[in-house]
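First comes the structure, then the notes that go with it.
The values are calculated or read from the model by the stated rules, or taken from the named source; none is laboratory data. For clarity, every value in this text was computed on a predicted model and none was experimentally measured. Here the Cβ positions follow ideal geometry from the backbone for every residue, glycine too, while neighbour counts run over all protein chains shown.
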Amino acid sequence: MPPTSGTLDAFLNLKKRKRGTRADNEAITEDEWTHEPTDVKLGILASLHPAIDHDALLDILLAHNGSVSAASAAIKAPQVLTAKKQSNGEIGHQKSLRFFAAPAARPDGSPNSKKRTKLLSKKGATLHLFDPLDIEEHTPCSVIHNFLPVELANGLLREMLEEAKTFEKITFKLFDNVVASPHTSSFFVQNLEEVNKQKREYIYNGSQLTDVRQLTPHLAEVKPIVQEAVNNEMQRRIDTCHNGKKLKHQSAETWAPNAAFVNCYDGPQQSVGWHSDQMTYLGPRAIIGSLSLGVAREFRVRRILPKNGGGDEDDPRDPDAEGQISIHLPHNSLLVMHAEMQEAWKHAVTPAQTIDPHPISGRTRINITYRYYRDSFHPKFTPRCHCGIATVLRVVQRKKENFGRYFWMCHAGNIPDKESCYFFYWAEFDEDGNPIWDKEKYRKKERDRQKHTGPVADELRV
Ligand SMILES: O=C(O)CCC(=O)C(=O)O
Ligand SMILES: [Fe+2]
């Protein structure tokens, strides 16, 4: 999610100031910002370059000695080019794929099972995809348009618009500050018992959720339809892309969603920054069924390019390093994020300059991600850190060394006023992604950790 300032208010005030005085892309003078703290500078940079990772923005800012204008100029320079908006600001039209594609291996790097093409979406270019065949060929996603019967889709949209009136922005800690996501959301589970369990037993970004709701009638009605479609899509992907063999650590179970995370984007500027979805409770190789309703928006994906520390390759922090792919998601489309996605790709909903209003929702887009919380990933089974909190499951994405390896780590770095205890434990899974707990190794790790008082362990620097 994009960074904002030290306090949200400060950030919003700065944004107002900025909006009131200049257009978003207009040059900024350094004098104004020199004495602002880093997080405020980051907020300014984020508002000028909303498509760039907050980690990358911080790195770029630091590389330019904290100068907002120098960092912004560097981002605009061709070598750190960001998402390209079409000059007219409208959602792009399909470019000829022949221009971008040539025969080669599959985009996720796994062996070919049928003749495929390699995307030539280059640094600095965004490839806009509308056609489900292109989407499944060039990304780890598949899309079904006109997914639900019209009345059901419209009914669900109306129901979610009503619910969204009381959605809130998620707050989280970023660089020692509490900031808010640039859209609103809420979390829905099967029944009251699950609501209470979610509130008491699960931790997100270091804290418990306060807004957890029961699936509404339409959310519940649509769930089995999504379940069936996602399982079919999963199998089809395994057959067509992986020679009939699921990925290592991909669950062999039926995908059976038991939660829905609902996002509301009210207007073209609301967005979600580059991220991979949390796998802590879903397990490795998670699959997510994502339903889009209302205004069509762009869902962008990009492959993560890990770095080996050499610095002689393309900058992996650059969101455009291998080009972004924009998947256009109209009302009533189901996007399946397949097992290849969360570990090795990031996704975002970038701000739009203009949108075509939807007859029911006006400028608003609703997105529902159905998720399968697996029993074996309940926090009562996963490692606890020194802070006494169940740990978060992550995967090495930034370094070539250990790329794709999973680990459990302390959440507390995300909690305001709390320091991380730097707990770190390599995660092990069986072929189907079930956790393997080597109790002896875990106890030894515990003893070692308790002795550990020094700086962050090297293995933490992922
Ligand atoms: O709105 C979308 O399409 C994506 C939302 C998302 O990435 C998320 O909820 O994690
Ligand atoms: Fe996501």
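Before moving on, here are some points about what is shown:
- The residue that is farthest from the chain's Cα centre (by Cα), among those in region 271-302 that are within 10 Å of ligand 1 (Cβ to nearest atom) and either assigned to a loop (DSSP other than H, G, I, E, B) or surrounded by fewer than 18 Cβ atoms within 10 Å (Cβ to Cβ) (or both), is Ser271.
- When the residues of region 226-260 are filtered to those that are farther than 22 Å from Ser185 by Cβ and among the β-branched types (Val, Ile, Thr), the one that is surrounded by the fewest Cβ atoms within 10 Å (Cβ to Cβ) is Thr254.
Residue by residue, here is whether (1) part of a loop (DSSP other than H, G, I, E, B); (2) hydroxyl-bearing (Ser, Thr, Tyr); (3) within 16 Å of ligand 2 (Cβ to nearest atom) holds:
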residue: Leu335; (1), (2), (3): no, no, yes
residue: Ala348; (1), (2), (3): no, no, yes
residue: Ile360; (1), (2), (3): yes, no, no
residue: Thr369; (1), (2), (3): no, yes, yes
residue: Ser376; (1), (2), (3): no, yes, no
residue: Lys380; (1), (2), (3): yes, no, no
residue: Leu393; (1), (2), (3): no, no, yes
residue: Asn402; (1), (2), (3): yes, no, no
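- Against the test of being within 16 Å of ligand 2 (Cβ to nearest atom), touching a residue at least 24 places away in the same chain (Cβ under 8 Å) and touching a Lys or Arg at 6+ places or on another chain (Cβ under 9 Å), the options Gln278, Gln250 yield a single qualifying residue, Gln278.
- Residue selection: Pro224 fails the criterion of being under 30 Å from Leu192 (Cα atoms) and within 16 Å of ligand 2 (Cβ to nearest atom).
- Here His331 fits the description: part of a loop (DSSP other than H, G, I, E, B), crowded, with 22+ Cβ neighbours inside 10 Å and away from ligand 2 (no atom under 16 Å from the Cβ).
- Residue in region 198-214 that is over 26 Å from Cys385 (Cβ atoms) and either surrounded by fewer than 16 Cβ atoms within 10 Å (Cβ to Cβ) or in the same structural domain as His358 (by TED's automatic domain parsing) (or both) present: yes
- Remark: Trp274 matches the filter, which requires a residue to be hydrophobic (A, V, I, L, M, F, W, C) and modelled with pLDDT under 95.
- Among the residues of region 212-242, those that are at pLDDT 95 or above and polar (S, T, N, Q) comprise Gln214, Thr216, Gln227, Asn231, Asn232, Gln235.
- Qualifying residue in region 359-370 (condition: under 19 Å from the mean Cα position of the chain (by Cα), more than 13 Å from ligand 1 (Cβ to nearest atom) and either at pLDDT 90 or above or in the same structural domain as Pro224 (by TED's automatic domain parsing) (or both)): no
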